[in-house]
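Data first, discussion second: the structure below is written as structure tokens.
The values are calculated or read from the model by the stated rules, or taken from the named source; none is laboratory data. This one's a predicted model, so the numbers in the text were calculated from it and none came from an experiment. Cβ: placed from backbone, ideal geometry, glycine included. Neighbour counts: every protein chain shown.
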Amino acid sequence: MSAKKGIAKFFSDYAVVIIFVLLTVFSIGPSGLSISYIIQEIITRLGRNSFLVLSLLLPIYAGMGINFAMTLGAMAGQIGLIFAIDWGIAGWQGLVVAFLVGLPVSLLLGWVCGKVMNMAKGREMVTGYILAFFISGVYQFFVLYVMGSVIPMRNSSITLSRGFGVRNTLNLESVRQALDNIVLLKIGPFSIPLITFVIIAVLCVFIVWFKKTKLGQDMRAVGQDMAVAEAAGIPVERTRIVAILISTVLACVGQIIFLQNMGNMATYNAHDQTSFFAAAAILVGGASVTHASIPNVFIGVILLHAMYIVSPLAGQNLFGSAMIGEYFRQFIGYGVIAISLVLYAWKAKKAADATRLGLRLGAAGESTIVKANGDSGNGTGSAGKGTAGGSK
Amino acid sequence: MRDIKTSIQDFGWPRIIIFIFLIVLFILAPIVGVRLDASISDVLNRFGQYAILVLALVPMIQSGCGLNFGLALGIVAGLLGSTLSLQFEWRGFMGFFGAIALSLPFSIIFGYIYGKLLNKVKGEEMTIGMYVGLSFVMIMCIMWLVLPYSNPQMVWGFAGKGLRTTISTEGYWFKILNNFLAVKIGQFFVFPTGLLLFVAICCYLVWLFMRSRTGTAMTAVGSNPDFARASGVNADKMRTISVIMSTFLGAVGIIVYEQSFGFIQLYTAPNPMVFPAIAAILIGGASVNKASMVNVVIGTFLFQGLLTMTPSVINSILQTDMSEVIRMIVSNGIILYALTRKAKVTK
């Protein structure tokens, strides 16, 4: 019985991972790509994306779900890169300058984001998602109208012909793969950007260390139960802001690493899909909205990108249309996020129902507790009553 | 004095700012050389074009499912209806109402499944709705490529299969509502009677439904699920009905939009339709769990007015197109405002 239950639990816990492995393995054949090509691509993409995905971890520890507002940090990184290019600083020094410019911006945005999320407890994910769009509007305003008019730009080759605003596509030639190429390790047919991986490893060590600090422990306590943490004297709101702040700064660095590898940047929409890819990756890796670990990040990046590498060609060869593969992989990305969120919400609801039932079956004298429990479980509902009454 | 203060607080500062901004734009328009009559005609037209998509959000807000970020499902149902209507070469009112009728079964199927799903994930409807919508639109992208449509006006010329990204409704039911009983005053002003009439009828029907037995039960579920359950209302059933309604209204909304706009937009086009609708109803004064017809009408008018007037007026003043940026900041700002405001009430 318990073995059967264990297997069932394994499948329900890792359903997404299993589906993904199967899909990818079956697509490798029809795609016609060689294994060594796929491995090289995965190594490149691990270096490119892991840092961004790692930036999602802390908010999950703090119980704030997937930080879809990590895009804010990505935008800060892009602003940094634009200035680095404008000032004509090449090589890895350019990336450092980009980070130094992006750092204060990402700190500011992260603080704003934390404040906003504290005003929207219990719905951080959707709020973060919208906040990203909102700040994206502000970013466009800044880059399209302020840069070059209010803030002087030196390099005329990156401004629009009208004199202000930055061009749609920014060529990052001077910093292209500046980080990856410092030490490019060759092992057999594969080349590995060593410094990039060292930086990612340092971040992993930092996260492991951070979890053990007082702040890290507080964060987990807040993630478990805000009310209990508050009662234990943990500054809940401040801890949550710190989690988002660190996540935003990490996303800023992550986006700089991402873009230096890509080599050029779509100024106005390079950040559009950042949070989508990061969220899909961590969820594919077996994380949920409440639990995530460093292995989830790497498994996720490998699986998601293996899928992304093979699916367009598999679609081309199986259905005669590359677009089908393209749409299919996007569907898989969104679908994975949807399924993970559904599974999580479903489990949470089942657990809540189970505790409720347990209480109900208990002594009759406990009926008041049941009622109280029911009320807290239906926070949305009672809030609805409040507003309805207020506006009448 | 206190009454004014509380009523302002109830109405919300963002709405007041947007309202004043719109009035300023209307005053500025003639000064900077934008024709006022043409602008008003434009605003009315766009109001009618979007109103039903906004109306589609009402049932789910009332039943406590929150803002329907998965409205794309309804839009896809509408797209299926309208493309089928074109495939059968139905023209005129037959084509328009045929499209609505054909979208009904799809709306019911999609809405039913979507509703069942949302019942399992109470409290997370909005985030999940968003991703369900996004992934469904992606499946449909594949479907548009492989479904056996054959009307040469709709499929890619060279391949002979796979639908085009935009399909013209010209010659079928283009502006069928707009031109119905339309009143033309002067060279620039057209009053789209048929369109506004249709919107009014839809609003009235939804209003009527909300006052019916089922509608009241639905509102009860949204206001207080425990109380509703105690009074013998099946909460899950009510929520599912509201989702189906919302999906169907979304389908009708997109068909009305297409007849006025002139094109059926397929593939990823449904995605960017959702946020403006949500922003509009929130500007109109709705919250995450309470909405009325007044919110729909005021909100659509304010939001579409803003979208119509900002490009023409601001562009004439600044000689540059800032409308996209303003649209992004206003529409997302207002959604953000609504999402953060409710938490304060809870406190």
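Look through A:Ala270, A:Ala227, A:Ala243 and report the one residue that is over 15 Å from A:Ser55 (Cβ atoms), among the hydrophobic types (A, V, I, L, M, F, W, C) and buried (at least 19 other Cβ atoms within 10 Å of the Cβ). When all the criteria are applied, what remains is A:Ala270. So which of A:Ala322, A:Ala280 ends up being free of Cβ contacts under 8 Å to residues at least 60 places away in the same chain and under 12 Å from the mean Cα position of the chain (by Cα)? Just one listed residue meets the conditions, A:Ala280.
With respect to (1) closer than 26 Å to A:Ile195 by Cβ; (2) in contact with a helix residue (DSSP H, G or I) (Cβ under 7 Å, 6 or more places away or on another chain), the lone exception for A:Leu33 is condition (1).
The set of residues from region B:113-154 being in a loop (DSSP other than H, G, I, E, B) and more than 23 Å from A:Ala348 (Cα to Cα) comprises B:Leu147, B:Pro148, B:Tyr149, B:Ser150, B:Asn151, B:Pro152, B:Gln153, B:Met154.
The set of residues in region A:89-107 being surrounded by fewer than 22 Cβ atoms within 10 Å (Cβ to Cβ) and in contact with a Ser or Thr (Cβ under 9 Å, 6 or more places away or on another chain) consists of A:Ile89, A:Ala90, A:Gly91, A:Leu107. Report, by residue number, each residue of region A:12-26 that is within 26 Å of the chain's Cα centre (by Cα) and modelled with pLDDT of 75 or more. Within region A:12-26, A:Val17, A:Ile18, A:Ile19, A:Phe20, A:Val21, A:Leu22, A:Leu23, A:Thr24, A:Val25 qualify.
Looking across region A:64-99, the residues that are farther than 30 Å from A:Arg220 by Cβ and touching a helix residue (DSSP H, G or I) at 6+ places or on another chain (Cβ under 6 Å) come down to A:Ile79, A:Gly80, A:Leu81, A:Phe83, A:Ala84, A:Ile89, A:Ala90, A:Gly94, A:Leu95, A:Val97, A:Ala98. The requirement of being buried (at least 20 other Cβ atoms within 10 Å of the Cβ) and modelled with pLDDT of 90 or more is not satisfied by A:Leu215. Residues of region B:279-301 that are assigned to a helix (DSSP H, G or I) and either surrounded by 22 or more Cβ atoms within 10 Å (Cβ to Cβ) or in contact with an Asp or Glu (Cβ under 9 Å, 6 or more places away or on another chain) (or both): B:Ala279, B:Ala280, B:Ile281, B:Leu282, B:Ile283, B:Asn295, B:Val296, B:Gly299, B:Thr300. With respect to being within 14 Å of another protein chain (Cβ to nearest Cβ), charged (D, E, K, R), in contact with a strand residue (DSSP E or B) (Cβ under 9 Å, 6 or more places away or on another chain) and farther than 24 Å from B:Leu195 by Cα, B:Arg327 falls outside the description. Looking at the structure I just gave you, is B:Ala228 surrounded by 21 or more Cβ atoms within 10 Å (Cβ to Cβ), within 14 Å of chain A (Cβ to nearest Cβ) and more than 23 Å from B:Gly129 (Cα to Cα)? In short, yes. Sub-7 Å Cβ pairs linking a first residue in region B:117-133 that is within 7 Å of another protein chain (Cβ to nearest Cβ) and farther than 18 Å from B:Ser287 by Cβ to a second residue that is assigned to a helix (DSSP H, G or I) and among the small types (Gly, Ala, Ser), at least 6 apart or interchain, are B:Val121/A:Ala345; B:Glu124/A:Ala345; B:Ile128/A:Ala338; B:Ile128/A:Ala345; B:Tyr131/A:Ala338; B:Val132/A:Ala338, ordered by first then second residue.
Kindly establish whether B:Ser168 is more than 30 Å from A:Val336 (Cβ to Cβ), small (Gly, Ala, Ser) and either surrounded by 23 or more Cβ atoms within 10 Å (Cβ to Cβ) or at pLDDT 85 or above (or both). Answer is yes for this residue.
Among all residue pairs at least 6 apart or on different chains, which show Cβ distances below 7 Å where the first residue, located in region A:123-140, is within 12 Å of B:Gly333 (Cα to Cα) and the second is crowded, with 24+ Cβ neighbours inside 10 Å and among the basic types (Lys, Arg)? From residues that are within 12 Å of B:Gly333 (Cα to Cα), there are no pairs. Going residue by residue through region A:146-158, is there one that turns out to be more than 7 Å from chain B (Cβ to nearest Cβ), surrounded by fewer than 21 Cβ atoms within 10 Å (Cβ to Cβ) and either under 29 Å from B:Ala279 (Cα atoms) or among the basic types (Lys, Arg) (or both)? Within region A:146-158, one or more residues are more than 7 Å from chain B (Cβ to nearest Cβ), surrounded by fewer than 21 Cβ atoms within 10 Å (Cβ to Cβ) and either under 29 Å from B:Ala279 (Cα atoms) or among the basic types (Lys, Arg) (or both). Looking at region A:159-242, the helices (runs of 4 or more DSSP H) lying wholly inside it that each contain 2 or more residues that are more than 14 Å from chain B (Cβ to nearest Cβ) and under 22 Å from the mean Cα position of the chain (by Cα) sit at A:194-212, A:214-224.
Entry remark, region B:250-281: residues being within 11 Å of chain A (Cβ to nearest Cβ) and closer than 20 Å to A:Arg123 by Cβ number 3 in total.
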